[in-house]
1. Looking at residue 258 and the list (1) surrounded by 15 or more Cβ atoms within 10 Å (Cβ to Cβ); (2) touching a residue at least 40 places away in the same chain (Cβ under 8 Å), which single condition is not satisfied?
2. If the requirement is being modelled with pLDDT of 80 or more, among the aliphatic types (A, V, I, L, M), in a loop (DSSP other than H, G, I, E, B) and assigned by TED's automatic domain parsing to the domain that holds residue 30, which of these qualifies: 44, 96?
3. Go through region 228-262 and report how many residues are among the small types (Gly, Ala, Ser) and in a loop (DSSP other than H, G, I, E, B).
4. Filter region 60-79 down to the residues that are within 21 Å of residue 98 (Cα to Cα) and either modelled with pLDDT of 85 or more or not charged (D, E, K, R) (or both) and list them by number.
5. In this structure, is residue 282 out of contact with any Pro (no Cβ under 8 Å at 6 or more places or on another chain), surrounded by 17 or more Cβ atoms within 10 Å (Cβ to Cβ) and among the aliphatic types (A, V, I, L, M)?
6. Can you tell which of 139, 181 is at pLDDT below 90 and under 26 Å from residue 262 (Cβ atoms)?
Amino acid sequence: MTNNTDIIALRQPESVDDPLTEIARDGARRMLAAALRAEADAFVAQHAEEVLPDGRQRVVRHGYGPERSIQTGIGALDVRRPKVRDRAAGPADEKVRFSSAILPKWARRSRSLDALLPVLYLRGISTGDFREALSAILGAEAPNLSPGVISRLTGEWQQEHDRWQRRDLSARRYVYIWADGVYLQARMEPQAECMLVILGATPEGKKELVGFQVGVRESAQSWRELLVDIKARGLAVPPEVAVGDGAMGFWKALDEVFPGTRHQRCWVHKIANVLNKFPKSMQPTVKADLREIWQAETRAKAKAAMDIFAEKYGIKYEKAVTCLTKDRDALLAFYDFPADHWDHLRTGNPIESVFATVRHRTVRTKGSLSQTTVKLMVFKLVQTAAKTWRRLKGANRLPMVIEGVKFTDGVAASGAENRAA
């Protein structure tokens, strides 16, 4: 009688048999190993002419490091990092050292996963659910994604945030800026955190995060501190125009720090404020009338539409008309800039769209973020979102704005008119 002691692995009910994914992981593992070998070989080739007194090559390959598991977007990959040795005698700090750009020495996750974690957290997935949520994609084990990952990364994000806050802005120029204060309730804090955010458009048409600060309230002093800090770090040239809502604190601080910057009120906020002063039954009609103003082809037509609006609703809904007309000049400032830029200048949506995700997270978890964590999480979210921000339409017009070319109803004035101006 023969005793068969072989152990047969039984398929678990929750497991998924996916040969396609296994083939992809095997191919990725092979490609990663080949890329690491090529990187090490290229480093050795750079030092091929350096030889020792006895004629031997100074820098050579030196086997492999221990195998380790790297968590990637297609699951865990087991790899061994090639090692390089400097055979020259002398102190350790003078030896040639090889550092892989593909696989840093202490890396356990791909950089894309590090960027993914704060986004998942802000979209409502708790740290304890990371492993379960990602196991179907990354594998059942999902190593290096334990609940403590966010806690360990917080320190790294804090350092990154501190470096970003101290960065030099002397070489930067922002043609337009968008400003807004966003309120988030964190845990059981006595009052909501106000996040003051400023985005800017570069001369190339790219949007960047310019300023980010947490304040107790959206006051002139809080905005002044943020604007002064930006200016002190080198932003000497004021933006041409700033876009924001009706919060008086920002506009007062802006006039003190950058007095030459034009004001453009956000039409999305203004429309919402005006509609709130009408019965719900009338709001669709009123909204259509407001559209006739901000979508007008020229400033003259917009003013005429605003006068009609005031005459139509002024007697019974005086507060609504006053809310609209008191900011007439600031609402129509966009007509003095290229028509291609009007869609960007009429709204503070670049900030609102980013923080919609943050609000979802805090509402979904009933404010489970601490004040410190929410600041770092929002900072990382904005950094991640910045990679997908759209460039400004008509970016080739921005140099004209910088040079001081005058625009009337979105059309550049002639050379003679600009010289006269």
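1. Tallying (1) surrounded by 15 or more Cβ atoms within 10 Å (Cβ to Cβ); (2) touching a residue at least 40 places away in the same chain (Cβ under 8 Å), residue 258 fails exactly one: (2).
2. 96
3. Count: 5.
4. Result: 60, 61, 62, 63, 64, 65, 66, 69, 70, 79.
5. no
6. Answer to the selection: 181.
Residue-wise test of (1) modelled with pLDDT of 95 or more; (2) farther than 26 Å from residue 263 by Cβ; (3) surrounded by fewer than 20 Cβ atoms within 10 Å (Cβ to Cβ); (4) assigned by TED's automatic domain parsing to the domain that holds residue 251.
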position	(1), (2), (3), (4)
336	yes, no, yes, no
351	no, no, no, yes
357	no, yes, yes, yes
370	no, yes, yes, yes
374	no, yes, no, yes
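Table: residues versus (1) closer than 30 Å to residue 229 by Cα; (2) modelled with pLDDT of 95 or more; (3) surrounded by fewer than 13 Cβ atoms within 10 Å (Cβ to Cβ); (4) assigned by TED's automatic domain parsing to the domain that holds residue 243.
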{"site": "262", "(1), (2), (3), (4)": "yes, yes, no, yes"}
{"site": "290", "(1), (2), (3), (4)": "no, yes, no, no"}
{"site": "300", "(1), (2), (3), (4)": "no, yes, yes, no"}
{"site": "305", "(1), (2), (3), (4)": "no, yes, no, no"}
{"site": "308", "(1), (2), (3), (4)": "no, yes, no, no"}
{"site": "314", "(1), (2), (3), (4)": "no, no, no, no"}
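The values are calculated or read from the model by the stated rules, or taken from the named source; none is laboratory data. In this text the structure is predicted, and so the values were computed from the model without any measurement. Virtual Cβ from ideal backbone geometry, glycine too; neighbours counted across all protein chains shown.
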